[in-house]
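These notes are about the structure you will find just below.
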Amino acid sequence: QGAGNAPQWLSLALMIATGSPAREGGAWVNPGRIMRKDRMDFPAAPEEGWNRPGPKSRPELRGTGGDYPCAAIPDEIAAGNLRAMAVFGGNLEVCLPETTRSYAALQQLDVLAVFDVRHTRTTDIATHILPTRDQLERADMTFVTDSSFPLLVTQYTPAMVAPLGQRKAFWWILGQLGQRMGLDFFPGFDVESGTDDLFLAYILRQFGHDLDEVREKRLIAEPPVIGWVQR
């Protein structure tokens, strides 16, 4: 099917029912080379499960792990429960269900702040556009997304070109907004004097890694870790 969600869910259900995730010859689950989820201490599920009631306007839409289904967004906006949204580099106009209704609802928000590097249908209706440096204008590394790779790998890339106009680093904008709200999103990191490399080093330190090694080698790959999901 077009979106592929149903086949993905069914394949995951089949793999779980047959006990194939994270087994030799089965479906490998990447723990991420930076976060290393295989080394984390995951608590047991509570007796009542992880589910919780949905948002006020749609309590039947069960939430999981602190999240609510995005299908509730139009109703939450209409009910006045959701008044402001920050969109981190995504075009919601093509991502949400009931596209026409959802797109109209987004236009009723008091604040729709969009971090992005290009124009989209979502930036067209944004109350605030926060122009960030694009993929070639910033130093970068694999983080969070590395758990989607077919390898246990970390890669670093330097900036290739100077930023156009007054584009700022994503972390700089977020840090400045936090300061204006009295929030410190990056404890121990100086947003004012920071650079991309210093910020990447800050992130890596949280997980016991060294930027100098990653920057020197550019790409570090390790053998897959098998069995951690079953444990």
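A few remarks follow.
- Packing, as the average of other Cβ atoms within 10 Å across residues, places the peptides 120-129, 162-171 in the order 120-129, 162-171, highest first.
- Counted charge near ASP134, where neighbours are those whose Cβ lies closer than 14 Å (Asp, Glu -1; Lys, Arg +1): +1
- Rounded to the nearest whole angstrom, the semi-axes of the ellipsoid equivalent to the chain, taken from the Cα gyration tensor as √(5λ), stand at 30, 29, 18, largest first.
- Positive-end extreme of charge dipole, the stretch 1-121 - chosen from LEU82, PHE42, PHE115 (charges on Cβ): PHE115
- Placing +1 on each Lys and Arg Cβ and -1 on each Asp and Glu Cβ, with no other charges, gives the chain a dipole about its Cα centre of roughly 240 debye.
- Think of it as helices only: each DSSP H run of n ≥ 4 in the chain is worth -39500 (n - 2.57), and spread over all residues that comes to -7000 deg cm²/dmol at 222 nm.
- Taking the Cα centre of the stretch 144-212 as origin and assigning +1 to Lys and Arg Cβ atoms and -1 to Asp and Glu Cβ atoms, the resulting dipole is close to 300 debye.
- Antiparallel DSSP beta bridges within the chain, percent to nearest 5: 45 percent
- When the surface is traced with a 1.4 Å probe over the full set of protein chains, VAL191 keeps roughly 10 Å² accessible.
- Using C-alpha pairs under 8 Å with a sequence gap of at least 6, the mean separation divided by the residue count of the stretch 120-182 gives a relative contact order of 36 percent.
- Whole-percent carbon and sulfur share, accessible surface of the stretch 145-203, 1.4 Å: 63 percent
- The stretch 91-231 - percent relative contact order, Cα under 8 Å, separation 6 or more: 20 percent
- Against the criterion of solvent-accessible heavy-atom surface with a 1.4 angstrom probe, LEU198, LEU109 sort, most first, into LEU198, LEU109.
- For the peptides 202-211, 40-49, the ranking by packing is 202-211, 40-49, with the highest mean count of neighbouring Cβ atoms within 10 Å listed first.
- Shape call, the stretch 122-231: gyration tensor on alpha carbons, a/c limit 1.5: prolate
- Across the options PRO150, LEU174, GLY25, the greatest Cα extent toward the positive end of the charge dipole of the chain (unit charges at beta carbon of Lys, Arg, Asp, Glu) belongs to GLY25.
- Long-range HN-HN contacts of ARG33 with modeled amide H, under 5 Å: VAL153
- Exposure ranking of ARG138, ARG23 by accessible area [1.4 Å probe, largest first]: ARG23, ARG138
- Accessible area of TRP172 (1.4 Å probe, protein heavy atoms only, ligands and nucleic acids ignored): about 80 Å².
- About the Cα centre, charge dipole magnitude for the stretch 108-177 (Lys/Arg +1, Asp/Glu -1 at Cβ), debye: 140 debye
- The stretch 56-106, relative contact order in percent, only Cα pairs under 8 angstrom and at least six apart counted: 35 percent
- Computed over protein heavy atoms with a 1.4 angstrom probe, the accessible surface ordering of CYS95, CYS70, largest first, is CYS95, CYS70.
The values are calculated or read from the model by the stated rules, or taken from the named source; none is laboratory data. Please read all numbers here as calculations on a predicted model, not as lab measurements. Virtual Cβ from ideal backbone geometry, glycine too; neighbours counted across all protein chains shown. Quick note on the areas: whole protein, heavy atoms, side chains included, nothing else; ligands and nucleic acids left out. Shrake-Rupley method; radii C 1.70, N 1.55, O 1.52, S 1.80 Å.
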